[in-house]
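Colleague: Sending over a structure as structure tokens; questions will come in a sec.
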Amino acid sequence: MDAYTQTIADQPWRHGRHQEDIQCVHGQPINIGISEADRQTIVDGLSRLLADSYTLYLQTHNFHWNVTGPMFNTLHTMFMTQYTEQWGALDLIAERIRALGFPAPGTYAEYARLSSVKEVTGVPKAMEMVRILVDAQEATARTARSLFPVVEAANDQPTADLITQRLDVHEKTAWMLRSLLEE
Ligand SMILES: [Fe+2]
């Protein structure tokens, strides 16, 4: 059993539940100048970033639906801008994982296991929603930033470019949300 097949055997979530499926992702080998071990480590990080990104997307859309109070119009519109941008990012992250040769996680069970963004229960007050989203934006930024050492060491420019763009968005959005909380 080679290292990649062993990885799937050890971590079946990477490839559904069925060992017999291994063959179908194991056709033409990938030879892009990044070792399999490095691609796997990068994909582990990108999978956590995808899970954070999906959870952040859903949380922002949830708050768009449920926000109330005197700031309704501002927040309803602001949250829509944010979740629309965030939705677009999911595809870029997932397809980078695929280009690196691994399956992208795409179930709520996987996202719940991989995400560092805390889910909310109930419907928070408007300014509490803003506070929660600052935390979620910052958590997603920390996950993206944690990938840099391995991405740089592996000379993986497309992933470095992707996470740089995501950091720019999350840090800017966190600043805008944080500004709403000032007196
Ligand atoms: Fe809407």
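Colleague: As a check on your grasp of the helix formula, calculate [θ] at 222 nm for the chain: sum -39500 (n - 2.57) over DSSP H runs of n ≥ 4, divide by the residue count, round to the nearest 500.
Modeller: Rounded to the nearest 500, it is -23000 deg cm²/dmol.
Colleague: Moving to a separate point now. Using all Cα-Cα distances in the chain, what percent lands in each 5 angstrom bin from 0 up to the longest?
Modeller: 1, 8, 16, 19, 17, 13, 10, 7, 5, 3, 1, 0, 0
Colleague: Using Cα pairs under 8 angstrom and six or more residues apart, how large is the relative contact order of the chain, in percent? Present the calculation step by step, with values, prior to reporting the outcome.
Modeller: Details: 190 pairs, mean separation 49.8, N = 183.
Over the chain, the number comes to 27 percent.
Only the coordinates and a few stated rules stand behind these numbers; no lab work does. Note that the structure is predicted; figures quoted are calculated from it, not measured.
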